[in-house]
Amino acid sequence: MSEHDAFEALKRHAIEENERAYGREARARHGDDAVDAANERLASLSRDEWDEKGQLERAIREQLRVAMATGDPAGEPARELARMHARWIALHWGEGRYSREAHQGLAQMYLADERFRACYDTAAGEGATEFLIAALESYLA
């Protein structure tokens, strides 16, 4: 298998895993067109964009820990966290599909869904999800 074929298989696997974990719910909440467009966006990522997405995911978790240590969801470390999260969302959704309103809606979903809460709280400590949401709300207001 060539490197290109392996990379394409990696992307397909990630999309399939995401569909299994969140697809039904995402399609019910956002519609087939939005989910299909996000999947197409991920499938079209270049190797550099894919690598950026992974690096950004790790950097967001680290920045969340840094920002939480300040205790200020409106401070500069939290604003940087929100900017990073916005870039991560745009990578997934595509630049033309990102909006502040949609980002705010996603943030509220994080609070309502234990899977997201577990993801962020495991990465940065108890209360991380609430801090992230507060940082996003401050930034997106």
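Hey, can you grab everything whose amide H is under 5 Å from the amide H of residue 113? Only 5+ residues off in sequence or another chain; H modelled, so Pro and N-termini drop out.
Counting only residues 5 or more places away or on other chains, the set is empty.
If the only charges are +1 at each Lys and Arg Cβ and -1 at each Asp and Glu Cβ, what is the size of the charge dipole of the chain around the Cα centre, to the nearest 20 debye?
180
Could you let me know the centre-to-centre spacing of segment 78-118 and segment 13-58, using Cα atoms, in angstrom?
So the two Cα centres are separated by 13 Å.
Suppose we take every Cα in segment 29-68 and form the convex hull; what volume per residue is that in Å³? Walk me through the intermediate numbers first.
Details: hull volume 2.9 nm³, N = 40.
Residue-normalised Cα hull volume stands at 72 Å³.
Hey, could you grab the Kirkwood Rh for the chain? Inverse mean 1/r over distinct alpha carbon pairs, Å, one decimal.
Every distinct Cα pair counted, the radius reaches 15.8 Å.
Using 1/(1 + (r/R0)^6) with R0 = 30 angstrom and r between the beta carbons of residue 25 and residue 65, what's the FRET efficiency to the nearest 0.05? It would help to have the intermediate numbers written out before the result.
Working: r = 28 Å, r/R0 = 0.94.
Rounded to the nearest 0.05, the efficiency is 0.60.
Please work out how much length the chain gains when fully extended from residue 34 to residue 48, using 0.36 nm per residue of separation minus the C-alpha to C-alpha distance, in nm with one decimal. Please report the intermediate quantities before stating the final value.
Details: separation 14, 0.36 × 14 = 5.04 nm, distance 2.37 nm.
Gain on extension, residue 34 to residue 48, equals 2.7 nm.
Residue 130: accessible area at probe 1.4 Å, nearest 10 Å²?
My reading of the accessible area for residue 130 is about 80 Å².
What ³J(HN,Hα) values, in whole Hz, does the Karplus curve 6.51 cos²θ - 1.76 cosθ + 1.60 give for segment 57-65 when θ = phi - 60°, with x put for Gly and Pro?
Residue by residue, segment 57-65 yields 4, 5, 5, 5, 4, 5, 5, 4, 5 Hz.
If I compute solvent accessible area with a 1.4 Å probe over the protein chains, what percent of it on the chain is carbon and sulfur?
Percent of accessible area from carbon and sulfur atoms in the chain: 51.
Hey, any idea what Rg/Rh is for segment 72-141, computing Rh the Kirkwood way over Cα pairs?
We get a ratio of 0.95 for segment 72-141.
Run lengths n ≥ 4 of DSSP H only: what is the helix-derived mean residue ellipticity at 222 nm for the chain, with -39500 (n - 2.57) per run over all residues, to the nearest 500? Walk me through the intermediate numbers first.
Working: 8 runs with 115 residues, N = 141.
Calculated mean residue ellipticity at 222 nm is -26500 deg cm²/dmol.
The values are calculated or read from the model by the stated rules, or taken from the named source; none is laboratory data. Because the structure is predicted, anything quoted here is derived from the model rather than measured. Every residue, glycine as well, gets a Cβ built from its backbone with ideal geometry; the counts of neighbours run over all protein chains shown. All accessible areas refer to the heavy atoms of the entire protein, side chains included, with ligands and DNA or RNA removed. Shrake-Rupley method; radii C 1.70, N 1.55, O 1.52, S 1.80 Å.
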